[in-house]
Amino acid sequence: MSSSSTASLLQRRRNRVHASTPAASTDTPSSPFPSPITAPSTQGGISSPNPFSTTAHNQSLVLRQPMPIGQLKAIGEHHLKRIKLEPDSKHEFRNYLEASSDTERQCILLLHVLRSQDMHKQSVQQQASVWKPSSALSVRIKQMVRRLLLLPSVRYYSGTVETAVMAALRDSQVKDLPNEDSFDVDILKAVVARQFTTDKSELKKLIKDATDSADSDTRNIAVVANQALSRFCPQLKLSLAVFYCIAFIRRHIDKGHPNGKFWILLDDELEDINKDGPVAYVESMEICYEDDIAKYGDPATTKLKVAPDCLGDKPLKWVRALNSLGPNVQRVDTKKRKRARAATEDDDGDDLEDPDCDEGPSNTGTPPPTKDPTSPTPTPDD
């Protein structure tokens, strides 16, 4: 009975193995493992999993569960504390985090990329036409440029003068200025540069016309300086420092520089003088002033009063700002300056001058108003 029972068990085992073996195997002879798609045995209603199957493991690697929205929002809020965004941008970022699926987030991201491209195109197309200085701002720019031309603290007449004026405008909290990070700042800079071009030409013509006058009193440096301050800088006082500025400009007028090179050659000499320090600068200006007195008369012979300081006792805030920024003016390479300017004038700022300016008194245009040499310098608060 024992032998029969044993034979029966062996036969039953063979029958079970035979029943569980598929009719055709897809395993290759070299494969050490059975095919992962082999159907498990279900004899007796009990499923026997294949211990060699890797299908479930591979699916766990490919089909990852998306991160819960709550966890994604927590990560996003953490990074928002590090990176500062505008309120509108924060709102859009949170909408992105709260999207119900990755597909929706990809759509939102693409929309924002396309919108950024549209905004960039619009800004490039409109930057040259959107912003224009208001009438009040144009008046203030003209005032500052004219004052800066005769401030003794100015190092050069062609250079980063536009930057100094723009800084003074912001320090004085002038209205209607464009944002510092906008394209319109380049337009503002071009407007200031154009004003410098016009006013340098006018100042040079005023000094030359007075110098060419047949009246010796009109040629006197005190009278010339008084006329220049009356037209350009009513807030400034007649002072020795202003005489130095006028004498230095007249020195180069007497040299007969061509219009296109006048301010460049003037700044070339200023650069040489400034290299030796402030003491050498004052001594050089003093020599220039003494030469002017010998040639055109002593200001002491006039009745004009000379103040110890051109700024006076109570200078306006924006005049103080200009005076403090004057020493920061630096020269700029002429080629770079030409490329930077939106206006078409020459980089030396002299192309608007009368073509006959260096050949003698102009026969056209409005001459500078004649002033009584005994009249004091006006100081209106414009």
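Points worth noting:
- Count of the stretch 280-315 residues which are assigned to a loop (DSSP other than H, G, I, E, B) and of a type in the set (Gly, Ala, Ser): 3
- Checking each residue in the stretch 229-258 for being under 31 Å from the mean Cα position of the chain (by Cα) and assigned to a helix (DSSP H, G or I) picks out only 232.
- Complete set of residues in the stretch 226-278 that are polar (S, T, N, Q) and at positive phi: none
- Residue that is nearest to residue 161 (Cα to Cα) [pool: residues in the stretch 186-226 that are among the small types (Gly, Ala, Ser) and crowded, with 19+ Cβ neighbours inside 10 Å]: 193
- Taking (1) surrounded by 10 or more Cβ atoms within 10 Å (Cβ to Cβ); (2) modelled with pLDDT of 55 or more; (3) of a type outside the set (D, E, K, R) in turn, residue 52 satisfies each apart from (2).
- Filter result (in a loop (DSSP other than H, G, I, E, B), over 26 Å from residue 116 (Cβ atoms) and at pLDDT 80 or above) within the stretch 55-93: 68
- Checked against the criterion of being basic (Lys, Arg), crowded, with 16+ Cβ neighbours inside 10 Å and either part of a helix (DSSP H, G or I) or not assigned by TED's automatic domain parsing to the domain that holds residue 247 (or both), the candidates 170, 115, 140, 155 yield just one match: 140.
- Residue check for residue 181: modelled with pLDDT of 85 or more and of a type in the set (Asp, Glu): no
The values are calculated or read from the model by the stated rules, or taken from the named source; none is laboratory data. Here the structure is a predicted model, which means the values were calculated and not measured. When we count neighbours, we look across all protein chains shown, and the Cβ atoms used for this are built from the backbone with ideal geometry, even at glycine.
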